[in-house]
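The block underneath contains the structure these notes are about, expressed in structure tokens.
The values are calculated or read from the model by the stated rules, or taken from the named source; none is laboratory data. Given the structure is predicted, the values throughout are model-derived calculations rather than measurements. We place every Cβ from the backbone using ideal geometry, glycine too, and count neighbours over all the protein chains shown.
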Amino acid sequence: MDRINDRYLKANQVAENGLLDRRLFLKRGLQFGIITSLASTVSLVSAKENDSVSKKKSSDLTWMHEPGTPFSTYGQPSKFEDNVLRYPSANEMVPGNGVSWTPLHLMEGAITPNGLHFERHHNGVPQINP
């Protein structure tokens with residue numbers, strides 16, 4: 001006695017219609033696995049080469065052997081962050097109006113320092129005594 005599915009699906013019906021091709025699936029799976037393993041191997045090799053070039057001995061790093069600057073009453077940005085500045089785009093037709101943009105592309109991390117916050121100005125920046 002035939003099952004109901006056997007009456008409607010013949011042995012080659014699914015494979016010939018392209019709905020299920022086991023050999024093709026296995027070939028593509030094998031190709032994907034080979035390509036993935038080659039890509040990971042290449043990336044590991046290049047990472048090791050970059051590490052060997054960029055590593056310095058700790059004796060070469062002077063900041064690891066000398067004390068830093070003393071405490072100050074008001075924090076200042078690092079001298080290595082001199083290029084991280086807000087860039088204003090003022091409206092030439094109306095003096096005092098404009099925008100100071102935060103340089104997100106130059107910042108490291110997620111915390112925005114006070115001096116780099118986005119500002120929108122109308123008639124200049126007021127000097128308010130808190």
Of the residues that make up region 93-100, is at least one surrounded by 10 or more Cβ atoms within 10 Å (Cβ to Cβ), of a type outside the set (S, T, Y) and touching a Ser or Thr at 6+ places or on another chain (Cβ under 9 Å)? yes
Can you tell me how many residues within region 67-116 are basic (K, R) and free of Cβ contacts under 8 Å to residues at least 12 places away in the same chain? 1
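For every residue, the table says whether it meets (1) modelled with pLDDT under 85; (2) surrounded by 10 or more Cβ atoms within 10 Å (Cβ to Cβ); (3) in contact with a helix residue (DSSP H, G or I) (Cβ under 9 Å, 6 or more places away or on another chain).
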| position | (1), (2), (3) |
| --- | --- |
| S46 | yes, yes, no |
| S59 | yes, no, no |
| H65 | yes, no, yes |
| K79 | yes, no, no |
| A90 | yes, yes, no |
| T102 | no, yes, yes |
| N114 | yes, no, no |
| N129 | yes, no, no |
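Scan region 77-104 for residues that are over 15 Å from H117 (Cα atoms), under 27 Å from the mean Cα position of the chain (by Cα) and part of a loop (DSSP other than H, G, I, E, B) and jot them down.
If the condition is that a residue be over 15 Å from H117 (Cα atoms), under 27 Å from the mean Cα position of the chain (by Cα) and part of a loop (DSSP other than H, G, I, E, B), then S78, D82, N83 are the ones that fit.
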